[in-house]
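A short worksheet on the structure shown next.
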Amino acid sequence: MTLFLALSFSITSYASVSSIPQKNSTEELYQDIFSTLLFENIQNGLNSYYKKFVQYDLFDIKVLEAIRPDGYRTFGFLLKLQVKPFVGAHNTIGIDNITFEISPSGVIMKNFEHIKSFELPPYLQ
């Protein structure tokens, strides 16, 4: 008699970015590409939270974490970004972490976490 044992487990691939990519590196190029592709999703998240139009710089997005939750060579991702929205002439109003779920069927904002608020000068309030 032969006994078969099936094990079920989840393999998760993680990548954390602890530094800014080198200038003109492939990593910087890829970060700039997906930051550009996510522009509208990021802007919608910021507009929903701040209840008004705010701006942010694509070059100032920080990748905090990139996860492939279903393991190697799967095509579902969780991407956690840090954004510093501003109003006027780059008056930073906050720091926000936004997590997106990215899959072949599209992009979904999974979490918006407001980290810090900054006081605005009186003329912008």
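The set of residues from the range 95-125 being under 22 Å from Phe34 (Cα atoms), out of contact with any Asp or Glu (no Cβ under 9 Å at 6 or more places or on another chain) and in a strand (DSSP E or B) comprises Ile95, Phe100, Glu101, Ile102, Ser103, Gly106, Asn111. Of all residues in the range 27-54, none that is within 21 Å of Glu113 (Cβ to Cβ) has its Cβ atom under 6 Å from the Cβ atom of a residue that is acidic (Asp, Glu) and at pLDDT below 95, 6 or more apart or on another chain. If the condition is being touching a Leu at 6+ places or on another chain (Cβ under 7 Å) and more than 21 Å from Ile67 (Cα to Cα), then the range 84-107 contributes Pro85, Val87, Gly88, Asn91, Ile93. Note on the range 82-101: residues that are touching a helix residue (DSSP H, G or I) at 6+ places or on another chain (Cβ under 8 Å) and under 19 Å from Leu29 (Cα atoms) amount to 1.
Mind counting the residues in the range 56-81 that are in contact with a helix residue (DSSP H, G or I) (Cβ under 9 Å, 6 or more places away or on another chain), within 28 Å of Glu119 (Cα to Cα) and surrounded by 14 or more Cβ atoms within 10 Å (Cβ to Cβ)? Within the range 56-81, residues that are in contact with a helix residue (DSSP H, G or I) (Cβ under 9 Å, 6 or more places away or on another chain), within 28 Å of Glu119 (Cα to Cα) and surrounded by 14 or more Cβ atoms within 10 Å (Cβ to Cβ) number 4. Restricting attention to the range 43-75, the residues being farther than 25 Å from Glu27 by Cα, among the hydroxyl-bearing types (Ser, Thr, Tyr) and not in a helix (DSSP H, G or I) number 0.
The values are calculated or read from the model by the stated rules, or taken from the named source; none is laboratory data. Note that the structure is a prediction, hence the values are computed from the model and not measured. All Cβ positions, glycine included, derive from the backbone under ideal geometry; neighbour counts span all protein chains shown.
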